[in-house]
Amino acid sequence: MQMPSKYDASQVETKWYDYWMKHNYFHSEPDEREPYTIVIPPPNVTGVLHMGHMLNNTIQDVLIRRARLQGKNACWVPGTDHASIATEAKVVAKLKEQGVDKNNLSREEFLEHAWEWTHEYGGVILEQLKKLGCSCDWDRTKFTMDDDMSEAVIKVFVDLHNKGLVYRGYRMVNWDPEAKTTLSDEEVIHEERQGNLYYLNYKIEGSDDTLTIATTRPETIFGDTAICINPNDERFTHLKGKKAIVPICNRVIPIIEDEYVDVEFGTGCLKVTPAHDENDKNLGDKHNLEVIDIFNDDASLNSFGLQYQGKDRFVVRKEIVQELEASGVLVKTETHINKVGTSERTKAVIEPRLSDQWFLKMQDLVKPAIEAVLGEDSEIKLFPKKFENTYRHWMENIRDWNISRQLLWGQQIPAYYYGDDKEDFVVAETKEEALELAKQKANNQELTASDLRQDTDALDTWFSSWLWPMSVFDGIRNPENADIKYYYPTNDLVTGPDILFFWVARMIIAGYEYKDEKPFNNVYLTGLVRDKQRRKMSKSLGNSPDALKLIEEYSADGVRVGLLLSSAAGNDLMFEETLCQQGKGFGNKIWNAYRLVDGWEVSDTIEQPDSSKIAIEWYESKFQKALIEIEDHFSKYRLSDALMAIYKLIYDDFCGWLLEMVKPAYQQPIDAVSYKAIIAIFEENLKIVHPFMPFLTEDIWHYIAERTPEEALIVSKWPVAKNLNETLITEFEFASEVISGIRNIRKEKNIAFKDAIGFSVINNDKTSTSFDAIISKLGNLESINYVNEAVEGALSFRVKSNEYFIPMAGSIDVEAEIKKLTEELSYTEGFLKSVQKKLSNERFVAGAPEQVITNERNKEADALAKIETIKASLTSLK
């Protein structure tokens with residue numbers, strides 16, 4: 001096939017992705033090979049590709065493609081998450097646009113709309129991942145609301161309930177008034193905000209006295225049911241046994257005593273609002289206080305808020321402050337920084353609220369998961385290791401998990417109520433089973449299915465995704481099936497540290513509970529993608545590029561390389577588009593390198609030159625050395641470092657040196673032996689680049705030779721480690737400095753490369769002559785003469801102790817050269833003087849850091865060597 005002069009990514013990417021799909025390379029079935037399994041962190045079903053997804057999935061694809069080349073049975077399971085809060089919010093918004101109120105729909109009607117939305121917008125992100133080159137087993141694509149996946153979730157809920165681990169409790173929960181659902185503690189983000197501290201006077205019943213309380217939330221006074229003082233606080237002994245009157249609503253409430261009140265903090269008098277603060281609830285339980293909930297589910301005030309009924313809590317805060325000020329109740333206002341809980345999903349300020357919810361006891365479940373990561377014989381490794389401390393903190397301070405959500409989109413909790421008492425319920429996988437259980441529990445055989453009311457709450461989305469590594473292989477419903485036995489535990493999990501607890505820790509907990517085994521061996525926690533100013537990428541800042549446009553502009557391979565070349569900032573990545581340009585440039589370099597090789601005429605009659613023979617032997621050793629480094633980086637999940645090692649090998653050693661060393665003279669053929677070796681080397685290069693740049697490498701692979709589908713690059717073999725010759729590598733490093741010295745003199749003296757030059761060496765270092773043929777070729781030398789004395793009338797340079805001479809007769813203007821060298825000598829001697837002056841200053845030497853002294857001594861040594869070389873050149877010219 002004729003190779004085009006330019007690489008056209010848009011055509012190539014479609015062509016090869018279709019080819020890979022057609023030949024089913026991504027699909028995996030259990031066989032005799034070693035499995036290598038990754039399950040994708042399922043993105044939200046209605047999500048679109050952003051930079052975080054691009055990084056995360058590029059890394060997964062690099063790992064899976066490398067495993068495939070290593071001969072493993074690579075299986076990358078894709079899928080999406082139903083994301084109950086986010087998806088339900090989008091469906092509600094869409095219905096609102098159509099003039100439909102969610103509250104006027106039955107559950108079935110709403111779910112019809114939700115499924116419609118999911119089918120219309122869902123899965124877009126998976127199609128976008130194909131553009132990036134992701135080699136997922138698309139035949140195995142799962143969705144957390146698929147029937148079999150939902151069945152597994154329900155099965156687990158019932159099992160945990162039967163084990164006494166799932167229970168229903170009336171607790172203070174985190175209420176999201178925008179999504180109108182509870183959230184688990186982990187879904188609440190605590191952020192510092194500046195607010196106000198309001199000092200309010202409450203009258204004492206039956207007297208003109210008052211007491212002062214301080215609150216950040218004056219609107220909650222409608223829920224006050226006591227004032228609490230510390231019994232040891234002498235300031236308030238006169239208040240013991242008395243009652244206070246709540247401003248505005250004039251409710252008479254008791255003044256109670258408890259050592260919980262900190263006498264040093266605030267005014268020493270605490271307003272107690274049991275319905276809206278967890279600590280107040282504990283006080284209320286202890287002192288049998290009334291509980292008054294003043295909020296509706298959207299955080300507007302209910303009838304307890306009197307004239308403020310129906311108004312939002314923050315509107316009420318402003319208005320009530322004005323009323324309290326006007327009535328003389330507000331004593332003073334101070335600015336105050338306090339921590340406010342906000343919803344991770346909707347960003348709404350969380351409202352503590354008492355509610356009947358379903359919880360999962362975590363205390364015992366968590367133990368194997370702590371041991372698996374932090375124990376002496378830990379089975380699961382976190383990369384970077386520093387996240388073990390975060391993991392430890394979360395796991396050792398774990399609280400029971402609130403797993404119910406007041407949503408419709410999600411798995412409906414399989415609890416069925418049959419009576420009026422709140423304990424009149426049973427838990428079962430189906431309504432039929434529930435009816436039998438209810439008959440037994442109620443001791444009533446007359447009950448029918450129509451007497452059962454299923455709990456209206458849905459399960460937390462994380463309660464389905466914590467089963468992901470098992471449920472994608474049907475390991476919950478059919479624990480002994482061939483897939484789960486072969487692919488589980490999976491190998492590597494690649495995800496973000498922000499969901500280390502939400503998802504990773506919970507999957508580990510579920511794995512030990514349901515398989516008595518870890519769900520994966522290694523967890524690679526990627527950083528956040530930030531801009532070069534270290535800001536998090538977000539739509540609001542306008543600093544998050546359109547992922548698909550990047551691919552369009554720089555190619556999928558260019559973007560993949562650009563992401564992995566991003567410099568690390570802590571664990572985060574600082575991304576800039578120029579890196580994608582660099583990635584694209586790297587692709588062009590490889591493309592043009594093959595075009596160069598492909599354009600050579602090959603001769604079977606020419607003998608292989610010594611220069612080509614040694615050059616090929618050198619590169620093969622250099623390749624093997626790089627391969628050891630690459631393997632080491634992969635073992636530590638340092639993928640950027642692995643890529644950088646490959647980049648330097650190809651760019652510098654292969655393109656910069658090897659091709660120059662073996663390249664035939666202008667319009668001359670290359671010998672067949674060298675050509676064959678270069679093609680074999682090119683193929684090995686393509687194999688190590690392929691996981692990072694799959695499209696370009698597959699394309700060149702098929703230009704090199706006609707290949708059957710079985711011979712495609714995607715299923716070829718990763719290079720095998722062989723012995724390497726370190727001596728050759730060291731000798732070439734020396735030879736390359738000699739070549740650079742020759743090139744510098746040619747450049748400085750404007751000596752055209754086509755003009756061959758004389759070259760003499762005083763070989764003080766007894767350097768090997770292995771690379772003389774290379775030096776001669778790349779320097780275009782007439783010959784290399786080994787001499788014992790300096791050559792007169794020649795320019796010289798040094799490499800270590802060796803001296804090299806290039807005769808100048810006829811090549812340059814001797815007078816001009818003497819003038820130039822004299823000026824350079826004068827400058828260098830002046831520089832040496834200033835350095836030596838510093839070093840002879842005792843105060844400087846005594847006070848300066850050791851590294852500074854070392855640098856100055858190095859400068860002195862360099863200057864002395866340079867002066868010697870210049871003087872030698874001047875002597876030879878005179």
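Of the residues that make up region 607-617, is at least one open to solvent by 10 Å² or more (accessible area, probe 1.4 Å), out of contact with any helix residue (DSSP H, G or I) (no Cβ under 7 Å at 6 or more places or on another chain) and in a helix (DSSP H, G or I)? Within region 607-617 (the criterion being open to solvent by 10 Å² or more (accessible area, probe 1.4 Å), out of contact with any helix residue (DSSP H, G or I) (no Cβ under 7 Å at 6 or more places or on another chain) and in a helix (DSSP H, G or I)), the answer is yes, since at least one residue qualifies. Can you tell which of Lys717, Lys749 is among the basic types (Lys, Arg) and open to solvent by 60 Å² or more (accessible area, probe 1.4 Å)? Matching residue, one of Lys717, Lys749: Lys717. Taking region 351-371 as the range and being outside any strand (DSSP E or B), touching a helix residue (DSSP H, G or I) at 6+ places or on another chain (Cβ under 9 Å) and either closer than 29 Å to Gln406 by Cα or open to solvent by less than 30 Å² (accessible area, probe 1.4 Å) (or both) as the test, the residues that pass are Lys361, Met362, Leu365, Val366, Ala369.
When region 100-115 is filtered for residues that are within 27 Å of Pro43 (Cβ to Cβ) and modelled with pLDDT of 90 or more, the ones remaining, listed by number, are Arg107, Phe110, Leu111, Glu112, His113, Ala114, Trp115.
For every residue, the table says whether it meets (1) in contact with a Ser or Thr (Cβ under 7 Å, 6 or more places away or on another chain); (2) under 30 Å from Gly758 (Cβ atoms); (3) open to solvent by 70 Å² or more (accessible area, probe 1.4 Å); (4) not hydrophobic (A, V, I, L, M, F, W, C).
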position	(1), (2), (3), (4)
Ser796	yes, yes, no, yes
Val799	no, yes, no, no
Ile806	no, yes, no, no
Glu815	no, yes, yes, yes
Glu850	no, no, yes, yes
Lys859	no, no, yes, yes
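Against the definition (closer than 30 Å to Leu132 by Cβ and in contact with a Phe, Trp or Tyr (Cβ under 6 Å, 6 or more places away or on another chain)), how does Ile688 come out, yes or no? No, not satisfied. Annotation: Ile774 fulfils all but one of (1) at pLDDT 90 or above; (2) surrounded by fewer than 18 Cβ atoms within 10 Å (Cβ to Cβ); the unmet one is (2). Reported count of residues in region 166-189, each being more than 12 Å from Leu354 (Cα to Cα), out of contact with any Leu (no Cβ under 6 Å at 6 or more places or on another chain), of a type in the set (A, V, I, L, M, F, W, C) and surrounded by 19 or more Cβ atoms within 10 Å (Cβ to Cβ), is 2. The residues of region 108-125 that are farther than 25 Å from Asp455 by Cβ and touching a residue at least 60 places away in the same chain (Cβ under 8 Å), listed by number, are Tyr121, Gly122, Gly123, Val124, Ile125. Looking across region 292-319, the residues that are of a type in the set (A, V, I, L, M, F, W, C), within 13 Å of Phe222 (Cβ to Cβ) and open to solvent by less than 70 Å² (accessible area, probe 1.4 Å) come down to Ile292, Ile294, Phe295, Leu301, Val316. Going by what's in this entry, would Leu49 be described as on the phi < 0 side of the Ramachandran plot and open to solvent by less than 20 Å² (accessible area, probe 1.4 Å)? Criteria met by Leu49. In region 861-876, the qualifying residues are those that are modelled with pLDDT under 85 and among the β-branched types (Val, Ile, Thr), and the one that is most open to solvent (accessible area, probe 1.4 Å) is Thr875. Looking across region 108-123, not a single residue is open to solvent by 40 Å² or more (accessible area, probe 1.4 Å) and either in contact with a His (Cβ under 6 Å, 6 or more places away or on another chain) or small (Gly, Ala, Ser) (or both). Any residue that is within 20 Å of the chain's Cα centre (by Cα), surrounded by 18 or more Cβ atoms within 10 Å (Cβ to Cβ) and closer than 22 Å to Asp492 by Cβ - is there at least one of those in region 80-94? There is at least one residue in region 80-94 that is within 20 Å of the chain's Cα centre (by Cα), surrounded by 18 or more Cβ atoms within 10 Å (Cβ to Cβ) and closer than 22 Å to Asp492 by Cβ. For Leu105, the stated conditions do not hold, so it cannot be described as free of Cβ contacts under 8 Å to residues at least 60 places away in the same chain, out of contact with any strand residue (DSSP E or B) (no Cβ under 9 Å at 6 or more places or on another chain) and open to solvent by less than 10 Å² (accessible area, probe 1.4 Å). Considered as a group, the residues in region 1-22 that are open to solvent by 70 Å² or more (accessible area, probe 1.4 Å) and aliphatic (A, V, I, L, M) include one that is modelled with the highest pLDDT, and that residue is Met21. One residue alone among Lys717, Lys747, Lys754, Lys766 is of a type in the set (Lys, Arg) and over 30 Å from Ser796 (Cβ atoms), and that residue is Lys717.
Given the criteria among the hydrophobic types (A, V, I, L, M, F, W, C) and in contact with a Pro (Cβ under 6 Å, 6 or more places away or on another chain), does Ile59 qualify? Spelling it out, it is not the case that Ile59 is among the hydrophobic types (A, V, I, L, M, F, W, C) and in contact with a Pro (Cβ under 6 Å, 6 or more places away or on another chain).
Within region 448-484, being assigned to a helix (DSSP H, G or I), without any contact (Cβ under 8 Å) to a residue 60 or more places away in the chain and either open to solvent by 30 Å² or more (accessible area, probe 1.4 Å) or touching a Ser or Thr at 6+ places or on another chain (Cβ under 8 Å) (or both) holds for Ala449, Ser450, Asp451. Listed conditions (1) open to solvent by 60 Å² or more (accessible area, probe 1.4 Å); (2) more than 42 Å from the chain's Cα centre (by Cα) are all met by Thr335, apart from (2). Among the criteria (1) within 26 Å of the chain's Cα centre (by Cα); (2) over 26 Å from Val494 (Cβ atoms), the one Ala645 does not fulfil is (2).
In this structure, Phe520 qualifies as touching a strand residue (DSSP E or B) at 6+ places or on another chain (Cβ under 9 Å) and among the aromatic types (Phe, Trp, Tyr). Of all residues in region 817-844, those that are open to solvent by 50 Å² or more (accessible area, probe 1.4 Å) and closer than 22 Å to Leu864 by Cα total 18. The single condition among (1) at pLDDT 95 or above; (2) open to solvent by less than 10 Å² (accessible area, probe 1.4 Å); (3) within 24 Å of the chain's Cα centre (by Cα) that Asn73 does not meet is (3).
The values are calculated or read from the model by the stated rules, or taken from the named source; none is laboratory data. Just so you know, these numbers come straight off a predicted model, no measurement behind them. Glycine gets a Cβ as well: all are built from the backbone with ideal geometry, and neighbour counts include every protein chain shown. The accessibility values were calculated without ligands, DNA or RNA, using every heavy atom of the protein model including side chains. Shrake-Rupley method; radii C 1.70, N 1.55, O 1.52, S 1.80 Å.
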